[in-house]
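S.K.: The structure follows.
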Amino acid sequence: MPMAENLRGLADLGLMGLSVPPEYGGMGAPFVISGAVFEMLARGDASTIMQYAFCVAPATMILRFGSDEQEQRWVPRVGERPPDWLGGDDRARGGLGSRQHPHRGDPSG
């Protein structure tokens, strides 16, 4: 799956946790740096940047508006790797990659 491969590559480079503080396993880069990375990625592939933003933006919101408990639970996971659903690993559970997910279009066309 090309999208999952792209995001795994970004994770391998450490970019999934670019703005995540070091105490949560990230690089702690200023937001202006992650903004520059967003811009560069967007120039290369719009669909990848949309998925990348979808993966990393929740950590930013949790760090800004979340509780300490939410930070400790969710923020460290951002830099680990792309979510399982990107690789279709959730098909047996009825997730986005499965045919039985209620928001997935009719696979027959």
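Values quoted throughout were computed directly from the atomic coordinates according to the rules given, and no laboratory measurement underlies them. If you're wondering where the values come from, they're calculated on a predicted model, not measured in any experiment. Note: ideal-geometry Cβ built from the backbone for every residue, glycine included; neighbour counts use all protein chains shown.
S.K.: What is the sum of charges, Lys and Arg at +1 and Asp and Glu at -1, for the other residues whose Cβ falls under 14 Å from the Cβ of Q70? Present the calculation step by step, with values, prior to reporting the outcome.
M.R.: Values: positive: R64, R73, R77; negative: D68, E69, E71.
With Lys, Arg at +1 and Asp, Glu at -1, the neighbours total 0.
S.K.: If you stretched the chain out fully between E23 and E5, how much longer would it get, using 0.36 nm times the residue separation minus the C-alpha to C-alpha distance?
M.R.: Working: separation 18, 0.36 × 18 = 6.48 nm, distance 2.70 nm.
Here the segment from E23 to E5 would lengthen by 3.8 nm.
S.K.: For segment 2-83, I need the span (max minus min coordinate) of the C-alpha atoms along each principal axis, in Å, sorted largest to smallest.
M.R.: Largest to smallest, the principal-axis extents are 35, 24, 18 Å.
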